[in-house]
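Below is one structure; the comments refer to it alone.
The values are calculated or read from the model by the stated rules, or taken from the named source; none is laboratory data. Note that the coordinates shown come from a computational prediction; the quantities given were computed from them, not determined experimentally. Counting neighbours? That spans all protein chains shown, and the Cβs are built from the backbone with ideal geometry, glycine included.
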Amino acid sequence: MPLTLYYDERSPPVRSVLMLIKMLNITVELKEVDLFKREQLRPEFLELNPAHTVPVLVDDDLTLTDSHAILIHLCEKYQGGDLQLWPKDDYKERMQVLNLLLFSCSVVFRRDSDVMSDIVRKTFPKIDLEYHQRKIHEVYDMMERYLGRNKYLASDKLTIADLSAVTTLSTVNLIFPIESTTEPKWPLLASWMQRLRQLPEYQINEKGLNIFHEVLKVYGKFDCNTSSE
Ligand SMILES: N[C@@H](CCC(=O)N[C@@H](CS)C(=O)NCC(=O)O)C(=O)O
């Protein structure tokens with residue numbers, strides 16, 4: 001039975017899963033769910049995922065409706081050899097990765113989602129930019145602290161916590177730039193982003209991000225020249 005992924009590449013959690021699929025070199029059948037056409041609300045998709053979000057992975061008789069669960073499942077089942085994206089053999093390291101995956105989900109993605117849905121709903125000129133900037137800059141501060149401990153978010157090795165966070169971070173970076181031309185405020189975060197950008201799989205993120213950027217311009221009346229820096 002082939003794996004099936006329901007996706008919209010404009011979504012950061014989807015892009016994290018697509019990056020991992022490429023890293024693990026597994027074959028997945030892709031089925032597009034266009035969020036801007038509200039296809040996630042179709043009865044057959046609601047049957048699959050009552051929370052009407054993408055990504056959704058169907059692997060035989062297992063259906064997973066959250067990107068973090070999907071990332072873990074794909075590693076549990078398909079990560080082989082030297083890869084340590086999900087440290088299967090070390091309980092403590094695994095829990096550290098899980099901890100940062102949940103941080104990515106409950107803090108980073110939540111705040112990204114708050115600002116992005118506000119922009120799409122109200123348009124960029126009408127959002128409370130100061131409020132959202134404060135909430136996102138707090139996230140940058142938190143990540144800078146985590147990165148003061150290790151080279152990557154959960155440890156000194158690249159893990160699925162990094163794949164989960166980088167797609168969301170690169171999305172909010174469109175509005176609230178991490179790298180500045182003046183004194184860098186988050187140097188560790190900026191160099192972490194740079195390291196992630198060097199991965200061949202990062203191109204997958206870049207592609208979806210560019211499409212999402214166009215959406216922000218059209219639906220959200222977002223012009224880069226009006227971003228916070
Ligand atoms: N925690 C979920 C969040 C997924 C999520 O919120 N996806 C958004 C796109 S970024 C979505 O599908 N929204 C459509 C909707 O809520 O109707 C995950 O990581 O998979």
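Within segment 51-104, track down each residue that is among the hydroxyl-bearing types (S, T, Y) and more than 23 Å from V28 (Cβ to Cβ). Hit for segment 51-104 is Y91, nothing else. Yes or no: L46 in contact with a strand residue (DSSP E or B) (Cβ under 8 Å, 6 or more places away or on another chain), within 14 Å of the ligand (Cβ to nearest atom) and either assigned to a helix (DSSP H, G or I) or aromatic (F, W, Y) (or both)? The answer is no for L46. Scanning segment 2-21 for residues that are closer than 16 Å to S170 by Cβ and surrounded by fewer than 21 Cβ atoms within 10 Å (Cβ to Cβ) yields one hit, E9. What number of residues in segment 84-128 are surrounded by fewer than 20 Cβ atoms within 10 Å (Cβ to Cβ), part of a helix (DSSP H, G or I) and at pLDDT below 95? The number of residues fulfilling the criteria is 7.
Screening V54 on (1) touching an Asp or Glu at 6+ places or on another chain (Cβ under 6 Å); (2) among the aliphatic types (A, V, I, L, M); (3) not in a loop (DSSP other than H, G, I, E, B) shows it passes everything except condition (3). Within segment 65-78, being away from the ligand (no atom under 15 Å from the Cβ) and crowded, with 20+ Cβ neighbours inside 10 Å holds for one residue alone: C75. Among the candidates L5, L62, the residue that is of a type outside the set (G, A, S), away from the ligand (no atom under 12 Å from the Cβ) and at negative phi is uniquely L62.
Within segment 31-53, is even one residue surrounded by 11 or more Cβ atoms within 10 Å (Cβ to Cβ) and within 14 Å of the chain's Cα centre (by Cα)? Yes. In segment 110-127, the qualifying residues are those that are in contact with a Lys or Arg (Cβ under 9 Å, 6 or more places away or on another chain) and either of a type in the set (S, T, N, Q) or free of Cβ contacts under 8 Å to residues at least 12 places away in the same chain (or both), and the one that is nearest to T53 (Cα to Cα) is T123. The residues of segment 147-162 that are more than 22 Å from A69 (Cβ to Cβ) and either crowded, with 17+ Cβ neighbours inside 10 Å or in contact with a Pro (Cβ under 9 Å, 6 or more places away or on another chain) (or both) amount to a single one, L147.
Is at least one residue of segment 166-178 out of contact with any Leu (no Cβ under 7 Å at 6 or more places or on another chain), without any contact (Cβ under 8 Å) to a residue 40 or more places away in the chain and within 14 Å of L216 (Cβ to Cβ)? Yes, that holds for at least one residue. Taken over segment 8-42, the criterion of being part of a helix (DSSP H, G or I), away from the ligand (no atom under 16 Å from the Cβ) and of a type in the set (D, E, K, R) is satisfied by K22 alone.
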